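What follows draws every value from the coordinates through simple rules; no lab data is involved. Computed from a prediction, not measured in an experiment: that's the story for all the values here. Neighbour counts run over all protein chains shown; Cβ positions are idealised from the backbone, glycine included.
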Amino acid sequence: MEREPQFDELTKAFSAYLKAKGGRFTPERATIIRGIQQYLSHFTLDELKVYLDEEHFRVSQATLYNTLNELVAAGFVTKFMVKDKAYYEVVFNRKSFCHQICTNCGKITEFCNAELDEMILTSKYKRFSISDYTLMTYGICSACKALLKRASRKKKTKK
Ligand SMILES: [Zn+2]
């Protein structure tokens with residue numbers, strides 16, 4: 001699977017999308033696209049803001065929020081919630097996403113499963129043609145599992 005989104009193409013597609021809507025592809029928006037290049041995986045608005053500030057890209061919180069919303073509306077970026085926190089992810093030129101989300105610490109990682117991919121994309125759907133998919137699985141990450149195990153062992157020895 002091609003993992004690296006193509007940002008020159010994303011820039012082109014986003015500017016074409018904005019133009020069609022009568023909007024403008026401003027330098028701030030180009031900067032935001034450059035910023036999200038740093039995140040091949042999920043990011044929050046705050047994480048992106050910190051990165052842009054550190055790199056001395058001046059973009060207001062409002063512009064950042066609006067641009068991310070536009071990217072979501074255009075279908076180039078997806079937004080999802082984990083533990084009341086909004087995450088963004090670039091989905092441009094990518095077909096499928098399998099996430100594993102730790103319900104203890106909220107960490108999100110991805111996994112690949114060619115068989116699952118094949119099964120979902122070639123399944124028969126009811127009056128529906130599938131184009132892509134996002135899968136969320138929930139559980140406990142290995143770091144949290146080790147921590148929880150240690151904590152329960154401590155409890156037992158205290159008794
Ligand atoms: Zn965890």
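Table for the structure above
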item	result
Beta bridges by DSSP in the chain, antiparallel share as percent, to the nearest 5	60
Stretchable slack from residue 72 to residue 149, in nm (0.36 nm times residue separation minus alpha-carbon distance)	23.8 nm
Extension gain, residue 122 back to residue 100 (0.36 nm per residue minus Cα-Cα distance, nm)	5.7 nm
Helix axis angle, 142-158 relative to the chain longest principal axis, alpha carbon, degrees	30
Computed lengthening from residue 83 to residue 60, 0.36 nm per intervening residue step minus Cα-Cα distance	5.7 nm
Which listed pairs, of 49/79; 21/124; 21/79; 83/145; 19/79, have C-alpha distances above 27 Å, in listed order	21/124
Two-site FRET efficiency, residue 34 against residue 115, from Cβ-Cβ distance with R₀ of 35 Å, rounded to 0.05	0.45
Coordinate range along principal axes, alpha carbons of the chain, Å, largest first	68, 47, 24
